[in-house]
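Working notes, structure below.
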Amino acid sequence: MTLSLNTAAAAHTEHRLWKSDAECWKDDIQNWRTEHSTAIVQLQEALRRINEHGKALDDHDDSVNSLVESLSHHEKNLADRLQNNADAALDDTLDQKHVQEAELHARQRDAHERIKKHHHHAMATVAMLTKALQEAF
């Protein structure tokens with residue numbers, strides 16, 4: 001709002017409006033500084049959690065590698081069994097091991113799906129935050 005400067009009173013009124021605007025802006029800035037400080041703390045916590053996620057990915061990779069090794073070993077035992085007699089039934093030990101392998105595989109599949117869902121959500125959120133911060137100024 002710009003008033004005509006016909007009088008000193010009009011100019012004085014305009015100055016009071018400007019001062020009021022500036023006081024509101026100073027309040028906004030103080031609030032933003034508080035929010036900024038909180039955001040720094042939250043981002044530091046988020047970084048800690050992202051690093052934990054990286055460790056969880058490493059652990060998951062180790063677990064998958066272990067599963068592959070176990071499967072390879074079990075498959076070799078089955079192949080040996082087949083070489084001796086293709087129609088032979090599994091003995092209790094191999095049968096029990098096969099059931100354990102199936103259960104382990106199912107748990108690993110469920111864990112993988114949980115990690116994948118979490119990973120995609122977290123990375124999309126980081127990408128949105130990054131984009132928002134890059135576009136700020």
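What follows is calculated from the coordinates using simple rules that are stated; it is not laboratory data. The structure displayed is predicted, hence computed values, not measured ones. Cβ placement follows ideal geometry from the backbone for every residue including glycine, while neighbour counts extend to all protein chains displayed.
In summary, the lysines within cross-link reach of K76, defined as a Cα separation below 30 angstrom excluding same-chain residues under 8 places away, comprise K97.
Relative contact order, percent, of the chain when contacts are C-alpha pairs under 8 Å separated by at least 6 residues? Provide the component values of the computation, followed by the final result.
Values: 20 pairs, mean separation 21.4, N = 137.
Computed value for the chain: 16 percent relative contact order.
Annotation: the residues R49, R81, sorted from fewest to most other C-beta atoms within 10 Å of their own C-beta, follow the order R49, R81. Extent along the principal axes, Cα only, for the chain: 111, 23, 19 Å, with the longest axis given first.
For the range 3-43, just say rounded, prolate or oblate: build the C-alpha gyration tensor, square-root its eigenvalues into a ≥ b ≥ c, call rounded for a/c under 1.5, and beyond that prolate if a/b exceeds b/c, oblate if not.
On the way: a/c = 9.79, a/b = 6.10, b/c = 1.61.
Note, shape of the range 3-43 comes out prolate.
Between helix 92-134 and the chain there is an angle of about 20 degrees, using the helix long axis and the longest principal axis of the Cα atoms.
Spatial offset of the range 1-78 relative to the range 98-130 amounts to 25 Å, using the alpha carbon center of each.
Going by neighbour counts of Cβ atoms within 10 Å, the residues E135, E35 line up, fewest first, as E135, E35.
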